[in-house]
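Here is the structure we will look at.
Since every read-out is calculated from the coordinates, none of them should be taken as a lab result. As the structure is a prediction and not an experimental result, all values here were calculated from the model. With ideal geometry, Cβ positions are generated from the backbone for all residues, glycine too; neighbour counts draw on all protein chains shown.
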Amino acid sequence: MFIRWSAAVAAAILLSGPALQGAIAADKPTDPQIAHIAYTAGVIDINAAKQAQKKATSKGVKAFAEDMLRDHEAVNKQALALVKKLNVTPEDNDTSKALSKQASDKLAELDRLSGAAFDKAYVANEVAYHKAVNSALETQLIPSASNAELKSLLQTGLKIFQGHEQHAEHVAAELK
Amino acid sequence: MPGCLAPIALAVIALSISVPARAATIEITMESLVISPAEVSAKVGDTISWVNKDVFAHTATAKNGDFDVTLPPKKSATSVLKKAGMVEYYCRYHPNMKATLKIEP
C-alpha cells in the first residue's frame, strides 16, 4: 500500500513537467492565453503557500511559504496591471485548465499529510513545480509572446521563479 | 572686509584636515532581479547605499555572515563597511542574485 502510494506521488510530480509542456506544444499560445497561463501558474503557487502557512511546522518552510505568497502576489499584480494597460483579456485554455486540475489534486494530496511529512512534500513539490514552470517559460511562453512588455514581464518572472527554485532547493536541503 | 574671511578660510582648512580620508558612499542597485554593479571595490568606513527598485523584497546577505540587509519593495537602506575582505553576497529570497564586494582596509 505504501509503495503504491509513493509511486503515485512520484508520478504526479514527474507528470507536472511534461503535461505542462505537452499541452502548450500543441499550438503556439497567443498573448491572451500566455497571460492566462502565467497568471494561473502564480495563483497555484499562492494557494499552495496559503495551505503551507496553515500546515507547515518547520520555521524555514513557513518563511518560504510567506516569501512565495509575497512574490507571486507581486508578480500577478504586475500582470493584471499590464493586461489592463494593453487592453488584453486573458483567455482560458487547455494548459491553464490542466495546470489548475493538477494543482487541485496536489493540494488535496498534501492536505492529507501533516507535520514533517507535509513540510517535505510541500517543498519537494515547490522545487518540481518551479522547475516545470521555468522550463515552460523558457521554451514556450517567452518565445511565443509577441508583445514586448508581456515578454519582458515573463522574463522578470523567469528570474524570480529561478530564484524560488534555488531557494526551495536550499530549504529542502535543510529539511534533510 | 577681506580680513574677516581669513578666520573662515582657516576654519575650512582645519575642518578638511580633521577628516583625513573621506569615506565614500557607494550605490548598489537591485532591479529586475539583477544586482549592479556586480562587483564593487570599497574601503573600510565606506557606506553602501542599497537601492531596491523592484516591487519584490530582496536581501543583501553576506555569505560569511558579515551583513544581512533586508530591502522591502522600492526601499533603500545603508550599511557601513567595517571589515576588509572579499565578500560574496546574495539575496536570500532569490539566491540567483549574486554579487561581490571588495573591501580594502
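For A:LYS62, the lysines whose Cα falls under 20 Å of its own Cα, not counting residues fewer than eight places away in the same chain, are A:LYS50, A:LYS54, A:LYS106, A:LYS120, A:LYS176. For the peptides A:139-147, A:39-47, the ranking by packing is A:39-47, A:139-147, with the highest mean count of neighbouring Cβ atoms within 10 Å listed first.
Each of the peptides A:89-98, A:129-138 was scored by the mean count of other Cβ atoms within 10 Å over its residues; in descending order, highest first, they stand as A:129-138, A:89-98. Listed by chain and number, the lysines placed with their C-alpha closer than 16 angstrom to that of A:LYS84 are A:LYS151; residues fewer than eight positions away on the same chain are left out. Averaged over the residues of B:84-95, the number of partner chain Cβ atoms lying within 10 Å of the residue Cβ comes to 3. Between B:LYS43 and B:GLU104, the built amide H atoms are under 5 Å apart, and every one of these is 5 or more places off in sequence or on another chain. Spatial offset of region A:80-101 relative to region A:123-176 amounts to 17 Å, using the alpha carbon center of each.
Within straight-line reach of A:LYS55, meaning a Cα separation under 14 Å, sit the following aspartates and glutamates at least 8 residues removed in sequence or on another chain: A:GLU66, A:GLU109, A:ASP111, A:ASP119. Note that region A:159-169 has calculated 3J(HN,Hα) couplings of 5, 4, 6, 5, x, 4, 4, 5, 4, 4, 5 Hz, one per residue in order, obtained from phi through the Karplus relation 6.51 cos²θ - 1.76 cosθ + 1.60 (θ = phi - 60°); glycine and proline are x. Sum up the lysine pairs in region B:22-104 that clear both bars: alpha-carbon distance under 18 Å and a spacing of 8 or more or different chains. Lysine pairs meeting the criterion: 12.
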